[in-house]
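Chemist: Before I ask anything, here is the structure I am working with.
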Amino acid sequence: MFLRMLTGAISRQKARALTIALAMALGASLATSMLNVMLDVGDKVNQELKAYGANLTVVPRSASIMGDLYGDAGGNRKAEKFLAEDELPKLKTIFWAFNIVDYTPYLDVTASVTGPKGTFDAPVSGVWFDRRFDAPTGEAVETGVIRMKSWWRLEGDWPAEDASQCVVGANLASKLGVVVGDTLNAAAKKSETVTASGIFHSGGDEDDALFAPLAVAQRIAGKPGLVSRIEVSALTTPENELARRAAQNPNSLSRHEWDTWYCTAYISSIAYQIEEVVTGARAKPVLSVAEGEGAILRKTQLLMLLLTVLCLACSALAISNLVTASVMERGAEIGLLEAVGASRFDVSALILAEALVTTLTGGAVGYFAGRVFAQIIGRSVFGSPINSNALVPPLVAVLVTAVTIAGSLPAIRLLMSMKPAETLRG
Amino acid sequence: MDILKLANVSKIYGSVKALYEANMSVAGGEWLAIMGPSGSGKTTMMNIIGCMDRPTSGSVLLDGTDVSGLSAPELTHIRRDKIGLIFQQFHLISYLTAVENVMVAQYYHSMTDEGEALRALARVGLEDRAGHLPRQLSGGEQQRVCIARALINYPKLILADEPTGNLDETNEGIVIDIFRRLHGEGSSIIVVTHDPEVAEVTDRTVFLEHGRIAKTVSNR
Ligand SMILES: Nc1ncnc2c1ncn2[C@@H]1O[C@H](COP(=O)(O)OP(=O)(O)OP(=O)(O)O)[C@@H](O)[C@H]1O
Ligand SMILES: [Mg+2]
């Protein structure tokens, strides 16, 4: 009977029900798109933060060893600068050596790579995959890309440390038509045939690149003993005022402050110590960039949250108006229900159920519209599709219910104050 | 035993004494008419008896319970169990069929029983119109649906406020015949009317004037 009354009442007031559903659909669609964008963009930035699992990059300072000194003619390229491979173990000699969890050198070179589908120019990075050595301090070190890029998905195997093997990024692999086990030719200064021991999915730009053992890349590039940069991941203490001042200029600190800073695992003091041991090196914290992005993201999310809340509040207002109008219009019907024995609670339940059925229907429509909006926002603002988060539908359902109940409260208050004796006179 | 006993019942709206110091008893099985000019307090009195409203002062004994000081939920309870209401404006729910309108009263009383609702419609001669919506029924037929709805839960007291006020003579006759039959079966009925012919067929007529009971006349 309740159902019959529900459907009867809703179908009788089609126009109003439609307006209520529409008001809710609008609110729900915005909430859906905002939530999807918020949750997904949060994930994306987290991925990026992880991608910066390296929190320091060490690059050559301007006055570092010139490539030319090692016989590189250079041509019309600018003089490239490099770090020396034999200095790499020194990173494990600094004060905070134990905080340096992992690191790997990179020798970056653009090579013509030939695969089954043809020849393409592609970035080739020479790295350590799984390097084992004893540090000058006697510590046994095991480090490399395998540990640092733990979230990469690999088909096949990682290359053996000094073998003529490589792993190919997923995008590049499909461009070249390479499958695991194929042989490729990579040529820059010199040409070398390498076996693709694996294909990896990084989710980032690396998917367009080829990763080979450092020695292989050095041969191809004709740069023995040289590296372009070092990625370091270090455990650090959160930055504070002192660390920020030191990062600007370590010489501005007092003797005592300097000691405190040097002996704390701030990213800036670790960077400073790396620069002390590696000739011509400049160590740059990467996290600060990511942190800046994180701050902007948090602000953006706050803004989106605010917008969603405002929008839902508007929906609640619209619903409140419409439900109240409906209750006023149906005074006689409500009085009659009370006359035949319905309590105020019964009548409120009926009104609320009517509103909920209507708004949940509208909310469902809004949800799907919101997913479309999220895609549009994703494409136009973030340049990537937005994944629909499984958390969003229940969240939207809860929001719709809450908004409906909040919106129906004034109507229910009105209903409580109505006297059946008076409504039936009308 | 009296089904209803009003003692010094007043309903005062600011300076308007809608009902003033009313004293009246209705015996079980009695059929009572209330007459009086417009604004004399007939509907006010019916609302108080029907537990739709509370008196400003005085006591209302309904089937042995004093309802004058009860809370709204308590009044709802008593109304649901003891009262059957019939209105001049019918007050049918427009989007429900005749039988569904009867079943609404069952639903809020206890549980719906379509067979019983159909039998109630049959008692007022509407078994073949059970599936019609109110707008598909004539005024007289609508009022008969209201009577079926008022009877469905076997109320102790049937209250009808100008049930024939919107009906033509033929339909008035049909409705009065139904009341007569209910009276014959032992129901207690109070009917408000402007029509002396209607009042005449009842047991007793109470005349209201300016909120006061002016006189009571036995029709037997
Ligand atoms: N809620 C109210 N507030 C103020 N005055 C009221 C209210 N309800 C009724 N009255 C007044 O109480 C008096 C009695 O009204 P009531 O409706 O009982 O008259 P009635 O006898 O039923 O009249 P009618 O025959 O026209 O239906 C009237 O003067 C009316 O204006
Ligand atoms: Mg009246």
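The values are calculated or read from the model by the stated rules, or taken from the named source; none is laboratory data. Given the structure is predicted, the values throughout are model-derived calculations rather than measurements. All Cβ positions, even for glycine, are placed from backbone atoms using ideal geometry, and neighbour counts span all protein chains on display.
Chemist: Identify the single condition in (1) in a loop (DSSP other than H, G, I, E, B); (2) surrounded by fewer than 20 Cβ atoms within 10 Å (Cβ to Cβ); (3) in contact (Cβ under 8 Å) with a residue 40 or more places away in the chain that A:VAL179 does not satisfy, given that it satisfies every other one.
Modeler: (3)
Chemist: Pick out the one residue from B:GLU197, B:GLU169, B:GLU185, B:GLU209 that is over 19 Å from B:GLN88 (Cα atoms) and more than 16 Å from ligand 1 (Cβ to nearest atom).
Modeler: The unique qualifying residue is B:GLU185.
Chemist: Still on this structure, please answer the following. For the range B:46-57, name all the residues that are within 15 Å of ligand 1 (Cβ to nearest atom), assigned to a loop (DSSP other than H, G, I, E, B), buried (at least 23 other Cβ atoms within 10 Å of the Cβ) and without any contact (Cβ under 8 Å) to a residue 40 or more places away in the chain.
Modeler: Within the range B:46-57, B:MET52 is the sole residue that qualifies.
Chemist: Go through (1) within 12 Å of ligand 1 (Cβ to nearest atom); (2) over 19 Å from the mean Cα position of the chain (by Cα) for B:LEU96 and report which single condition fails.
Modeler: (1)
Chemist: State which residue is farthest from ligand 1 (Cβ to nearest atom) when the search covers only the range B:8-45 and only residues that are part of a loop (DSSP other than H, G, I, E, B) and buried (at least 19 other Cβ atoms within 10 Å of the Cβ).
Modeler: Here the answer is B:GLU30.
Chemist: Looking only at residues in the range B:42-57 that are of a type in the set (D, E, K, R) and farther than 20 Å from B:PHE207 by Cβ, which one is farthest from the other protein chains (Cβ to nearest Cβ)?
Modeler: Applying the filter and picking the extreme gives B:ARG54.
Chemist: Quick check: anything in the range A:312-332 within 14 Å of chain B (Cβ to nearest Cβ), surrounded by fewer than 18 Cβ atoms within 10 Å (Cβ to Cβ) and either in contact with a Cys (Cβ under 6 Å, 6 or more places away or on another chain) or without any contact (Cβ under 8 Å) to a residue 12 or more places away in the chain (or both)?
Modeler: Yes, that holds for at least one residue.
Chemist: Continuing with the same structure: Which of the residues spanning the range A:109-151 are in a strand (DSSP E or B) and charged (D, E, K, R)?
Modeler: Hits for the range A:109-151 are A:ASP121, A:ARG131, A:ARG132, A:ASP134, A:GLU142.
Chemist: I'd like the residue in the range A:402-421 that is free of Cβ contacts under 8 Å to residues at least 60 places away in the same chain and loosely packed, with under 15 Cβ neighbours inside 10 Å and, out of all such residues, is farthest from ligand 1 (Cβ to nearest atom).
Modeler: Ranking the candidates gives A:ALA402 first.
Chemist: Right, here's the next one. What number of residues within the range B:58-77 satisfy the criterion of being part of a helix (DSSP H, G or I) and either at the interface with chain A (Cβ under 9 Å from one of its Cβ atoms) or farther than 20 Å from A:SER417 by Cα (or both)?
Modeler: The number of residues fulfilling the criteria is 4.
Chemist: Of everything in the range A:22-62, what is aliphatic (A, V, I, L, M) and at pLDDT below 60? Give them in sequence order.
Modeler: A:VAL45, A:LEU49, A:ALA51
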